[in-house]
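Participant: Just dropping this structure here.
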Amino acid sequence: MARNKVQFQKGLSEMGFEAAYGTEEKCRAVVVASRWPNGFECPACGGRAYCEVRSRGLFQCNACRRQTSPIAGTIFASTHLPLCLWFRAMYQLTQSKQGISSVELGRRLGVTQTTAWKIKHKLAQVMMERDASKQLSGRVELDDAYLGGERAGGKRGRGAPGKTPFVAAVETTPEGKPVHLKLRRVTSFCSRALSSFAKRSLDPKCEVVSDGLACFGAVADAGCTHKIVKTGSGAAAARTPTFKWVNTALAGC
């Protein structure tokens, strides 16, 4: 059987994680560099000269004497948990394709299940907020899918009871490499729902590629160009190269 290139792509090993984020000092340095990529800037007066209050982990502006914590206003603030624990939680949550329970996360982090649950949900919330504000651009593969099992004796396919419809969209580079993925629940596969999705999630300049489902034409309401590639049905349709990455994403759902 051929190797799945996505499944076997190089990731960050545990040794690599330890080397990059294994201590509180390394994690703090990453947070500081992310917050002030061009060097410290006082949030009150904009001053750049500062000193550090090392006993409290604060930066003090030399001009106005305002003290600022690098974790103020972030999910790390007011939790009394070390940064290295947060970073390890992020690593553990992103390593499993099928996710990780709060019980297992707590065991790996050495904290209670309640603490692990709070960490997990805080991280999920900020990821959701970040993704919600970003629009896909360039070339975008678009497909429809359902979440949920089939009920015995019920209708099959689109509109079957017990299934939740959602849209999968993958932004790719000009070289055909995946960049970003969006999964959004929709009320149904109708033009109104797809138009709303496109206006929220797609850059007006992007090129959308989809199959022949009629409602996908509504992406034009957001200004997007739309290309239709008819794939037919069955297993062969899922192997169409045009939809390689969106099909790969849906295979893991």
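The values are calculated or read from the model by the stated rules, or taken from the named source; none is laboratory data. As the structure is a prediction and not an experimental result, all values here were calculated from the model. Note: ideal-geometry Cβ built from the backbone for every residue, glycine included; neighbour counts use all protein chains shown. Accessible surface is based on the protein model in full, side chains and every heavy atom, while ligands, DNA and RNA are left aside. Shrake-Rupley method; radii C 1.70, N 1.55, O 1.52, S 1.80 Å.
Participant: Mind checking the per residue accessible area of the chain for me, 1.4 Å probe, whole number of Å²? Provide the component values of the computation, followed by the final result.
Facilitator: On the way: 15640 Å² over 253 residues.
Per residue, the chain has 62 Å² of solvent-accessible surface.
Participant: Please give me the summed charge of the neighbours of His180: other residues whose Cβ is under 9 Å from its Cβ, Lys and Arg +1, Asp and Glu -1. Don't skip to the answer; put the middle values down first.
Facilitator: Details: positive: Lys134, Lys182; negative: Asp131, Glu171.
Net of charged neighbours comes to 0.
Participant: Hey, another quick one. What is the chain's relative contact order, in percent, from Cα pairs under 8 angstrom and six or more apart in sequence? Display every interim value, and only then the final one.
Facilitator: Numbers: 331 pairs, mean separation 28.3, N = 253.
Worked out over the chain, it gives 11 percent.
Participant: With r as the distance between the Cβ atoms of Lys199 and Ser13 and R0 = 45 Å, compute the FRET efficiency 1/(1 + (r/R0)^6) and round to 0.05.
Facilitator: Values: r = 41 Å, r/R0 = 0.91.
For Ser13 and Lys199, the calculated efficiency is 0.65.
Participant: What is the gain in length, in nm to one decimal, between Arg54 and Gln95 on full extension, counting 0.36 nm per residue of separation less the C-alpha to C-alpha distance? Spell out each step's value before the answer.
Facilitator: Values: separation 41, 0.36 × 41 = 14.76 nm, distance 3.37 nm.
So the chain would gain 11.4 nm between Arg54 and Gln95.
Participant: With springs only between Cα atoms under 10 Å, which of Trp117, Trp86, Trp36 fluctuates most in a Gaussian network model of the chain?
Facilitator: Evaluated over the chain, the most mobile residue of the options is Trp36.
Participant: OK, next. For a Förster distance of 35 Å, can you work out the FRET efficiency between the beta-carbons of Ala72 and Cys190, rounded to the nearest 0.05?
Facilitator: Once rounded, the FRET efficiency stands at 0.20.
Participant: Run through the DSSP bridge list for the chain and note the antiparallel percent, rounded to the nearest 5. Let's see the in-between values first.
Facilitator: On the way: 22 of 30 bridges.
So the antiparallel bridges amount to about 75 percent of the total.
Participant: Also: Could you order Arg107, Arg88, Arg48 by accessible surface area, starting with the largest, using a probe radius of 1.4 Å?
Facilitator: On the way: Arg107 160, Arg88 70, Arg48 125 Å².
If we order Arg107, Arg88, Arg48 from most to least accessible, we get Arg107, Arg48, Arg88.
Participant: Over the chain, what per residue volume does the convex hull of the Cα atoms give, in whole Å³?
Facilitator: Numbers: hull volume 48.6 nm³, N = 253.
That works out to 192 Å³ per residue.
Participant: Suppose R0 equals 45 Å; then what is the FRET efficiency for Val103 and Lys227 from their Cβ-Cβ distance, rounded to the nearest 0.05?
Facilitator: Numbers: r = 46 Å, r/R0 = 1.02.
The pair Val103/Lys227 has a calculated efficiency of 0.45.
Participant: Order of 59-68, 95-104 by packing, highest average Cβ count within 10 Å first?
Facilitator: On the way: 59-68: 15.6, 95-104: 11.8.
Answer by packing, highest mean first, reads 59-68, 95-104.
Participant: Would you list which lysines come within 28 Å of Lys244, measuring only between C-alpha atoms, while excluding same-chain residues fewer than 8 positions from it?
Facilitator: List returned: Lys5, Lys10, Lys97, Lys134, Lys163, Lys177, Lys182, Lys199, Lys205, Lys227, Lys230.
Participant: Ignoring everything but the protein chains, give the 1.4 Å probe accessible area of His226 in square angstrom, nearest 10.
Facilitator: 60
Participant: Given only helices, namely DSSP H runs of n ≥ 4 each adding -39500 (n - 2.57), what is the per-residue ellipticity at 222 nm of the chain, to the nearest 500 deg cm²/dmol? Please list the in-between numbers first.
Facilitator: Details: 8 runs with 85 residues, N = 253.
Result for the chain: -10000 deg cm²/dmol, rounded to the nearest 500.
Participant: Kirkwood Rh over Cα pairs of segment 67-107 into Stokes-Einstein at 10 °C, 1.306 mPa s: D in µm²/s? It would help to have the intermediate numbers written out before the result.
Facilitator: Values: Rh = 11.7 Å.
Value of D from the Cα-based Kirkwood radius: 136 µm²/s.
Participant: How far apart, in nm, are the 7 Å Cα→Cβ label points at Ala145 and Thr173?
Facilitator: It works out to 2.3 nm between the two label points.
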